[in-house]
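K.L.:
Got a structure for you, written out below as structure tokens; questions coming shortly.
The values are calculated or read from the model by the stated rules, or taken from the named source; none is laboratory data. The structure displayed is predicted, hence computed values, not measured ones. As a convention, Cβ positions derive from the backbone with ideal geometry for all residues, glycine included, and neighbour counts pool all protein chains shown. Note: areas computed on protein heavy atoms with side chains; ligands, DNA, RNA excluded. Shrake-Rupley method; radii C 1.70, N 1.55, O 1.52, S 1.80 Å.
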Amino acid sequence: MENRCKFWLPKKNRFCANAPLNNSLFCGNHTPRTDDPWISCPIDPSHSVLQENLEGHVKRCPLLKQAQSLSTQPFYQKGINAGEEDEQEPLIPASGSFDIVTSETKRNAVYSLSIPEFFELIRKIESVHDRICKDIKDSYKLPKACGIWIKREVDNRKLPFQEKHVTQQASILGNLEEFGVLKSSVGKERCELNENSNGVPAVVEFGAGRGYLTQMLADCYGIRRVFLVERKSYKLKADRSLRQKESLILERLRIDIEDLNLKAVESLQGLPYIAIGKHLCGPATDLTLRCCLANQRNDGQCEGNRYPRGLAIATCCHHLCQWKHYMNKRYLTSLGISKEEFHAITWFTSWAVDTDHGSDLSDVTDIRLHPESIEKEESSGDANGVEAIARNMKAIERAKLGFMCKQIIDMGRLMWVKERGLETQLVKYVPSSVSPENHLLVAGHVRNF
């Protein structure tokens, strides 16, 4: 114990196992930081360095070689899917800096509102939700084609099986099947998807992670060509299993969706495809939709006959959404929602899945179209301000407001996809008991119906 770092890890209920630095009680990871400013690494913003060490760090950052290699790829185009701060202005150059609005900044902006302004914002959210969020239905699917996964009968292979994830993956594919994007053949072990049928010759999974959504799609629907888009590196990926399929061609693109020019992926040229994504956090959904559909006309055609025949994206983490990245700012503006109100709405979404709610609120997502007025129950708020009112709101009220805000954001995305010629729906694809992040944006070309 004397040779261990003295930093206590509450989740593991023990001290850090690393050796302490000389003349210190803590290891290098847990030594208290100095007062010198820390800034994000320009190569990999997921970590930070002391400003005085920045010049030396960028020369030896572990991701430097990866960044240099990526910059030479033909499909890399910095910020191509990032969006615009103002849709009426030209796209901000990739070299220009753009400040991300943090959750702390959003929270402080909400708390700075006067009490009348706070309740007026809630009334506006309720009004907008009642106007546009009328057709969100339950669509829980367990297609027969996915039975081999659900029953764990996939080639006697040991799978990283978790029932809640399998249920979500199966429902995503089942909704695509119902939309006519995936074709199931009754009486056959799997669906036939090839370039000579009505199936789909390629699948692009965005935010693929370990790739197990695609693994289920390959096992159950017999796809031939797969592209996995993911910026991080993972262990225990499905890639090895996928590469063992003789008829399947797999390509993993380690790149941020924001920088992916899908038109420049040579092996995807001329191929229609389906785009899928399970829990694309925050702006990743907007980046993905823009990556696939930005150049598509409202008649559903895309240049070079390269178009998404369908898509299914499970959205989540709306509190991370940014005004710049959101693709349908014009639609929200037409509803009377300003940039500042959008930031407040994204912050409210965290209330939908707030861990302080407790297990007794498992049915909160059953709140549908006409939630009770939060303003009426909190109108007795005193001079303590908006922060006190927010903290004293009942958990069910916070959850209602959070889910309304999530649905407003997703409905704006739905309208943007519809404008590009795809038949589109926003559905709840699993019960909230499986996942409170249970909204799926599913779309298909009208030619498939």
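K.L.:
Taking R0 as 25 Å, what FRET efficiency do you get between GLU104 and GLN77 from their Cβ-Cβ distance, rounded to the nearest 0.05? Display every interim value, and only then the final one.
P.N.:
Details: r = 31 Å, r/R0 = 1.26.
In this case the efficiency is close to 0.20.
K.L.:
Is the C-alpha gyration tensor of segment 238-354 telling us rounded, prolate or oblate? Criteria: a/c under 1.5 is rounded; beyond that, a/b larger than b/c is prolate, otherwise oblate.
P.N.:
On the way: a/c = 2.80, a/b = 1.57, b/c = 1.78.
Cα axes put segment 238-354 in the oblate bin.
K.L.:
Hey, another quick one. Need one number: nm distance between label points at TYR111 and SER433, each 7 Å from Cα along Cα→Cβ, rounded to one decimal.
P.N.:
Modelled inter-label distance: 3.7 nm.
K.L.:
Could I ask something else about it? Would you list which lysines come within 24 Å of LYS137, measuring only between C-alpha atoms, while excluding same-chain residues fewer than 8 positions from it?
P.N.:
The qualifying lysines are LYS124, LYS164, LYS183, LYS278, LYS400, LYS406, LYS418, LYS428.
K.L.:
Of HIS57, HIS47, which has the most accessible area with a 1.4 Å probe, and how do the rest follow in descending order?
P.N.:
Details: HIS57 30, HIS47 55 Å².
Ranking HIS57, HIS47 by accessible area, largest first, yields HIS47, HIS57.
K.L.:
Which part of segment 411-446 falls in the paramagnetic zone of LYS137, meaning amide N under 13 Å from the point 7 Å along Cα-to-beta-carbon?
P.N.:
Residues 424-429 qualify, since their backbone N sits under 13 Å from the label point.
K.L.:
Note down the nm distance, to one decimal, between modelled labels 7 Å out along Cα→Cβ at ILE249 and at SER127.
P.N.:
5.5
K.L.:
For GLN51 paired with SER267, estimate the spin-label separation in nm (one decimal), with each label point 7 Å from Cα along the Cα-to-Cβ line.
P.N.:
4.5
K.L.:
Please calculate how many Å² of accessible area segment 101-148 carries per residue, with a 1.4 Å probe and no DNA, RNA or ligand atoms counted.
P.N.:
Values: 2660 Å² over 48 residues.
Ligands and nucleic acids excluded, the result is 55 Å² per residue.
K.L.:
Ordered by residue, what ³J(HN,Hα) values in Hz, to whole numbers, does segment 307-319 give under the Karplus form 6.51 cos²θ - 1.76 cosθ + 1.60, where θ = phi - 60° and Gly and Pro are x?
P.N.:
3J(HN,Hα) across segment 307-319, in whole Hz: 9, x, 6, x, 8, 9, 10, 8, 8, 6, 6, 5, 5.
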